[in-house]
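Enquirer: Questions regarding the structure given below will be posed in turn.
The values are calculated or read from the model by the stated rules, or taken from the named source; none is laboratory data. Nothing here was measured: the structure is a model prediction, and the numbers come from that model. Because the Cβ atoms are built from the backbone with ideal geometry, glycine has one as well, and the counts that use them run over all protein chains shown.
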Amino acid sequence: MKKTYTGGCHCGAVRFEADIDLGLGTLRCNCSICTQTRFWPAIVATDAFRLIEGESELSEQMLDTRNSHYIVCRHCGVRAFGVGHSPATGESAYGVNVTCLDDVDLDDLASSPISYVDGHRGTWHAARAAIGI
Ligand SMILES: [Zn+2]
């Protein structure tokens, strides 16, 4: 069931709201940056994500995949969300780091299915079709 969550980075400079159905699952990606930062996103459509505060506090760089924006809070370095683009369709989606959600029900998180995607070889976007967005 879709719920509206609030969340943000560690220092609180970046705040967001997102409509997420944890029952649809979350992703773990094996690319170097997701592995090293232990990024654990729920993927949502662009209209399900709202940046509430901190746009000017974000630091962004394009990584070598050229399909994903690596975005962190420039104060605390936390990666609260990312934006990816499907190379096939050009559509964008947000990856909301579920570890940055306020008051997430830990049972909902524990029962959310995890899809392992192969970002290392650049095919992470295939997971979007699997969860229907
Ligand atoms: Zn921060």
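Enquirer: Where residues in region 14-44 are among the small types (Gly, Ala, Ser) and in contact with a Ser or Thr (Cβ under 9 Å, 6 or more places away or on another chain), which of them is modelled with the highest pLDDT?
Expert: Once the filter is applied, the top-ranked residue is 18.
Enquirer: Sticking with this structure for a sec: I'm checking my understanding of the structure. Among residues of region 4-53 that are of a type outside the set (A, V, I, L, M, F, W, C), in a strand (DSSP E or B) and within 16 Å of residue 110 (Cα to Cα), which one is nearest to the chain's Cα centre (by Cα)? Explain how you work it out, then say what you get.
Expert: Taking region 4-53 as the starting set, the residues that turn out to be of a type outside the set (A, V, I, L, M, F, W, C) are 4-8, 10, 12, 15, 17, 19, 21, 23, 25-26, 28, 30, 32, 35-38, 41, 46-47, 50, 53.
Still in the running and in a strand (DSSP E or B): 4-8, 15, 17, 19, 26, 28, 41, 50, 53.
Now restrict to residues that are within 16 Å of residue 110 (Cα to Cα): 26, 28, 41.
Details: 26: 9, 28: 10, 41: 4 Å.
It comes out as 41.
Enquirer: Moving on to the next point. Can you name the condition, by its number, that residue 37 falls short on among (1) within 15 Å of the ligand (Cβ to nearest atom); (2) touching a residue at least 60 places away in the same chain (Cβ under 8 Å)?
Expert: If we test residue 37 against (1) within 15 Å of the ligand (Cβ to nearest atom); (2) touching a residue at least 60 places away in the same chain (Cβ under 8 Å), just (2) comes out false.
Enquirer: Tally time: how many residues in region 45-74 are in contact with a Gly (Cβ under 8 Å, 6 or more places away or on another chain), at pLDDT 95 or above and surrounded by 19 or more Cβ atoms within 10 Å (Cβ to Cβ)?
Expert: 2
Each row is one residue, and each column tells you yes or no for (1) over 12 Å from the mean Cα position of the chain (by Cα); (2) farther than 22 Å from residue 4 by Cβ; (3) surrounded by 13 or more Cβ atoms within 10 Å (Cβ to Cβ); (4) at pLDDT 80 or above.
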position: 90; (1), (2), (3), (4): yes, yes, no, no
position: 95; (1), (2), (3), (4): no, no, yes, yes
position: 107; (1), (2), (3), (4): yes, no, no, yes
position: 110; (1), (2), (3), (4): yes, no, no, yes
position: 115; (1), (2), (3), (4): yes, yes, yes, yes
position: 132; (1), (2), (3), (4): yes, no, no, no
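Enquirer: If you go through region 1-32 one residue at a time, how many are within 16 Å of the ligand (Cβ to nearest atom) and of a type in the set (A, V, I, L, M)?
Expert: Of the residues in region 1-32, 2 are within 16 Å of the ligand (Cβ to nearest atom) and of a type in the set (A, V, I, L, M).
Quick grid of which residues meet (1) more than 15 Å from residue 102 (Cα to Cα); (2) touching a Cys at 6+ places or on another chain (Cβ under 8 Å):
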{"residue": "6", "(1), (2)": "no, no"}
{"residue": "20", "(1), (2)": "no, no"}
{"residue": "23", "(1), (2)": "yes, no"}
{"residue": "39", "(1), (2)": "yes, yes"}
{"residue": "52", "(1), (2)": "no, no"}
{"residue": "57", "(1), (2)": "yes, yes"}
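Enquirer: Further question on the same structure: Would you be able to tell me the number of residues in region 11-27 that are more than 12 Å from residue 54 (Cβ to Cβ) and either in contact (Cβ under 8 Å) with a residue 24 or more places away in the chain or among the hydroxyl-bearing types (Ser, Thr, Tyr) (or both)?
Expert: 10
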